[in-house]
Amino acid sequence: MARAGDDSAPVRADAPPRRFATVKGRTRERTAALNQLLFAAVILALAALVAVTPFPGDLSLFFFGVVLVFAVTGVTLVVPWNRLSLGWMALVPVSDVVAATLMREANPGGGFGLLWVFPAMWLPTSFGFIGLVGGVVGITTVLVATTFLSEAESFGYSSFLLPLVIVAVSGASYLTARRGGAQRRLLDRQAGLLSRALERTRGQEHALAEVLDAVDFGVIRLATDGSVSVANEAHARLQRATSQHEPSQPSVFREDGETEVGPDELPFERALRGEAFDGQVFWFGAPGSDRKALSVTVRRLRNPQGADAGAVLVSRDVTRELEALRARDALVATVSHELRTPLTSILGYLDLVIDDPGVPARSRDRLEIAERNAERLLGIVADILRASSASRSSVELTITPTDIDIADVLRASIESLQPRADERAITIDDSGIEAVRAYADGDRLRQVVDNLLANGIKYNRDGGVLAVGSATNGDSSWIVVRDTGIGLTEEEISRVFERFYRSHSARTEGVVGTGLGLSISRDIVRAHGGDIALRSTPGVGSTFIVRLPATRHSASPAPRLPEREREEHDDEGAAR
Ligand code: ADP
């Protein structure tokens, strides 16, 4: 998986990073050099002062001290302190104490003893408590010894002030160094914690990358500025496959495979514009070429404040699925078309024979049964043809709604199906039918009602009841068909409106059917601007409720929802 900004090397969580040790060494080197340079600068200024003014003391001893300071400074700058043990560094402040002592001795009353303050400050910084005690004791001893030995010096306040100042400066610098050390340790601990957290995050990222690379659908994460921060292997594969013939800009088509999608309507562009959508199919490549169909879903991401933080775009190769569906539809359409011609001829000849007065009554009965069955067969073939030739659009094109009375349609359908109900001693209860207006195509509505009533008989038990009713609120009108049959499970309810779907019990009990009637019925009802809902309990029965516009006014075109939303909508309808 590609990840933006993947630039740092792994950090070990259990030990302080090596980089820190090097930094510490370099810091020591730099501190020694800086301290000494500062001291040398002060001495240089003093030497310049002494050179231009008369010096009331031992000038050669003074310059001996100056030379010592410069020599030590030169050595400090070239010695690689981080490679030596810390003890060697103590030689620098000790030499400074010696140089300051020489300069003080050159002119005891000149106040050069103050120069001891510099080494007294650095010793506790670099050597902690030992540096503090060593510095204070060492410098005080030198001070006392030189004061006693010198005949010129006499005891006064300054004899006490200088050691006190040195103790105070040394103590203050020791405390500051301690505080600095504590802060450094705290920082080190926090750095350790941070590096462990970083390690953990890297581990999680790695695991996520492995998971994303293992799936066969493409995943990319888009930031709001249009940059891609995550893209898995499958995405790269799909991208290669979709652009293999037209690498620069492949032509993209809608789900129908023929309507070209403009550059602004490409899934990526839509995701950038802040849109979200579910399972929309796009064909990449021109019709007739070896092209690919991708089902694309875009989900928005939100940051903790709830603002848009980009999107995740998931794409799945559905070429084979769509081709299989098309191949099935084409096969079904061809087969049913081929069946229709001979069936129509059979029906024509049966009609002729039945009308022949010379046919004996018994044979006529048998011929009529054959005719009924041939008609049913023709009906099934017509259903299959309708379903296979893009049923939804063909239904919409052939709807001619007018003001009709639903009761007329229901009664006519009951009359035609009564013989079938009688065969199985099923009572059709029409007491719920009221004269109710609907703005609908009478023939198409009859097709829907025939299907619902035929199912109510087919999937009923012998001796059961089929209740048919109608109602209106002036805006919408309803048809209710309730049976006492085998019923359907929740899972079956969610699928009965799919084309070719047949429930398990319908198949095992050998009830004849194609699984097309309900899907066509729903297409017809939706093309009117209505819908079908279903409630059912296995072993108890099912209730189908058809909603239609009551008047031309209340009729609105069927909402064209995306496939997925339509299914959810159906589920809701079914659950209601
Ligand atoms: P067909 O009846 O030709 O199989 P339909 O599309 O009309 O096709 O119905 C689809 C499936 O829904 C049926 O196969 C059956 O399993 C189920 N079904 C339809 N109506 C009922 C009903 N009234 N009771 C129980 N199941 C039904």
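The values are calculated or read from the model by the stated rules, or taken from the named source; none is laboratory data. Owing to the predicted nature of the structure, the values given are computational and were not obtained by experimental measurement. Using ideal geometry, Cβ is built from the backbone for each residue, glycine included, and neighbour counts are taken over all protein chains shown.
Of the numbered conditions (1) without any contact (Cβ under 8 Å) to a residue 12 or more places away in the chain; (2) of a type in the set (Asp, Glu); (3) within 9 Å of the ligand (Cβ to nearest atom), residue 491 fails exactly one; give the number of that condition.
(3)
Is it true that residue 316 is within 30 Å of residue 241 (Cβ to Cβ) and either assigned to a helix (DSSP H, G or I) or at pLDDT 85 or above (or both)?
Yes: the conditions hold for residue 316.
When you scan segment 21-120 for helices (runs of 4 or more DSSP H) that lie fully inside it, which ones turn up with 1 or more residues that are of a type in the set (Lys, Arg) and surrounded by 18 or more Cβ atoms within 10 Å (Cβ to Cβ)?
Counting at least 1 such residues, we get 91-106.
Show the residue pairs meeting these rules: Cβ distance below 6 Å; 6+ apart or different chains; first residue within segment 442-456 and within 10 Å of the ligand (Cβ to nearest atom); second residue at pLDDT 95 or above.
Cβ pairs passing all conditions: 452/481; 452/544; 456/466; 456/481; 456/483.
Determine whether segment 244-264 contains at least one residue that is aliphatic (A, V, I, L, M) and surrounded by fewer than 17 Cβ atoms within 10 Å (Cβ to Cβ).
Taking every residue of segment 244-264 in turn, none turns out to be aliphatic (A, V, I, L, M) and surrounded by fewer than 17 Cβ atoms within 10 Å (Cβ to Cβ).
Which of the residues spanning segment 374-401 are out of contact with any helix residue (DSSP H, G or I) (no Cβ under 7 Å at 6 or more places or on another chain) and either away from the ligand (no atom under 15 Å from the Cβ) or modelled with pLDDT under 70 (or both)? Give the steps one after another, and end with the answer.
Applying the first criterion (out of contact with any helix residue (DSSP H, G or I) (no Cβ under 7 Å at 6 or more places or on another chain)) to segment 374-401 yields 376, 379-380, 382, 390, 393, 397-398, 400-401.
Within segment 374-401, 390, 393, 397, 398, 400, 401 qualify.
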